[in-house]
Amino acid sequence: MSGPADEHQRIAGAFTATVEGVAPDAWDRPAPVEGWVARDVVRHLVEWFPAFLSGGAGITLPAGPSVDDDPVGAWRNQTDAVQALLDDPETADRVHDLPHIGRMSLAQATDMIYTGDVFLHRWDLARATGQDETLDPDKCAAMLEGMLPMDEILRQSGQYGPRVDVPDDADVQTKLLAFIGRTP
């Protein structure tokens, strides 16, 4: 079984390949999240997680280029910095009081909330930019199983749209995307 550093490397690597596959004229195409364009998918990830780290763990990630000027560079800067944190046992294993989730290691918190977000938003970016939208079915199944019991809490967070109805025999990726409010 892989740990948080390996999981981040795998998931962020797939996201990086998608970021690098965006045609220069595709960054302003509409994304599946209402009101977002492709560039905003990257902006979301490079804005909320550094603020989370700073506020909850006192960790400041190195500044990179702006998403407006260089979305690929902004993403690479962040993913490299997060991977370095997870690869360093001193940082990864340090326990923090994290907002809304309690005390846990930085690696656990990153795996629980950030790596999963990167995984889901890869679909948004791929959909917006005409790339392969296929997500790892095992990861989809594990995320869906973990999220189903928290349906009401997740909806109240405002981070997920209303559940979309799909056929009972839909594949697990379709079920997961529909659960988080996407129309696959």
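The values are calculated or read from the model by the stated rules, or taken from the named source; none is laboratory data. Note that the structure is a prediction, hence the values are computed from the model and not measured. No Cβ is skipped: glycine too gets one built from the backbone with ideal geometry, and neighbour counts run over all protein chains shown.
How many of the residues in the range 49-71 are farther than 19 Å from Asp117 by Cβ and among the β-branched types (Val, Ile, Thr)?
Taking the range 49-71 as the starting set, the residues that turn out to be farther than 19 Å from Asp117 by Cβ are 58, 60, 62-63, 65-66, 68-70.
Cutting the leftovers down to among the β-branched types (Val, Ile, Thr) gives us 60.
Of the residues in that region, 1 qualify.
Looking only at the range 61-83, decide whether some residue is outside the structural domain of Leu154 (by TED's automatic domain parsing), polar (S, T, N, Q), under 20 Å from Ile11 (Cβ atoms) and surrounded by fewer than 18 Cβ atoms within 10 Å (Cβ to Cβ). Walk me through it before giving the result.
Restricting attention to the range 61-83, the residues satisfying the condition of being outside the structural domain of Leu154 (by TED's automatic domain parsing) are 61-83.
Still in the running and polar (S, T, N, Q): 66, 77-79, 83.
The next check asks that each one be under 20 Å from Ile11 (Cβ atoms); those that pass are 77-79, 83.
Applying the additional criterion that residues be surrounded by fewer than 18 Cβ atoms within 10 Å (Cβ to Cβ) yields 77, 83.
Scanning the range 61-83, I find at least one residue that is outside the structural domain of Leu154 (by TED's automatic domain parsing), polar (S, T, N, Q), under 20 Å from Ile11 (Cβ atoms) and surrounded by fewer than 18 Cβ atoms within 10 Å (Cβ to Cβ), so the answer is yes.
Suppose we keep only residues that are over 12 Å from the mean Cα position of the chain (by Cα) and surrounded by 17 or more Cβ atoms within 10 Å (Cβ to Cβ) within the range 38-51. Which one would you say is nearest to Gly64 (Cα to Cα)?
Pro50
Which condition number in (1) crowded, with 16+ Cβ neighbours inside 10 Å; (2) assigned by TED's automatic domain parsing to the domain that holds Leu53; (3) of a type in the set (A, V, I, L, M) is the one that Val95 fails?
Single failed check for Val95: (1).
Going residue by residue through the range 83-91, is there one that turns out to be under 18 Å from Val33 (Cα atoms), at pLDDT 90 or above and assigned to a helix (DSSP H, G or I)?
No, that holds for no residue.
Just checking, does the range 1-15 include any residue being assigned to a loop (DSSP other than H, G, I, E, B) and either within 13 Å of the chain's Cα centre (by Cα) or at pLDDT 95 or above (or both)? Spell out the reasoning first.
Quick first cut of the range 1-15, residues assigned to a loop (DSSP other than H, G, I, E, B) only: 1-3.
When the remaining residues are screened for being either within 13 Å of the chain's Cα centre (by Cα) or at pLDDT 95 or above (or both), the result is none.
No, the conditions are met nowhere in the range 1-15.
Filter the range 113-126 down to the residues that are over 17 Å from Pro50 (Cβ atoms) and hydrophobic (A, V, I, L, M, F, W, C) and list them by number.
Phe119, Leu120, Trp123, Leu125, Ala126
Which condition from (1) in contact with a strand residue (DSSP E or B) (Cβ under 8 Å, 6 or more places away or on another chain); (2) surrounded by 14 or more Cβ atoms within 10 Å (Cβ to Cβ) is the one that Glu7 breaks?
Condition (1) is where Glu7 drops out.
Would you pick out the residues in the range 125-154 that are surrounded by 12 or more Cβ atoms within 10 Å (Cβ to Cβ) and of a type in the set (Gly, Ala, Ser)?
Ala126, Ala128, Gly130, Ala141, Ala142
Between a residue in the range 112-128 that is assigned by TED's automatic domain parsing to the domain that holds Arg29 and any residue that is acidic (Asp, Glu), which pairs come within a Cβ distance under 8 Å, given they are 6 or more apart or on different chains?
Short answer, once both residue conditions are applied: Thr115/Glu7; Phe119/Asp136; Trp123/Glu133; Ala126/Asp132; Ala126/Glu133; Arg127/Glu133.
Which of the residues belonging to the range 12-32 are aliphatic (A, V, I, L, M) and either more than 22 Å from Gly161 (Cβ to Cβ) or out of contact with any helix residue (DSSP H, G or I) (no Cβ under 6 Å at 6 or more places or on another chain) (or both)?
Hits for the range 12-32 are Ala12, Ala14, Ala17, Val19, Val22, Ala23, Ala26.
Would you please list the contacts, defined by Cβ atoms under 8 Å and residues six or more apart or on different chains, that run from a residue in the range 142-167 that is part of a helix (DSSP H, G or I) to a residue that is surrounded by fewer than 12 Cβ atoms within 10 Å (Cβ to Cβ) and modelled with pLDDT of 85 or more?
That search, which allows pairs on different chains as well, returns Arg155/Pro162.
Looking at (1) modelled with pLDDT of 95 or more; (2) touching a Pro at 6+ places or on another chain (Cβ under 6 Å), find the lone condition where Gly181 falls short.
(1)
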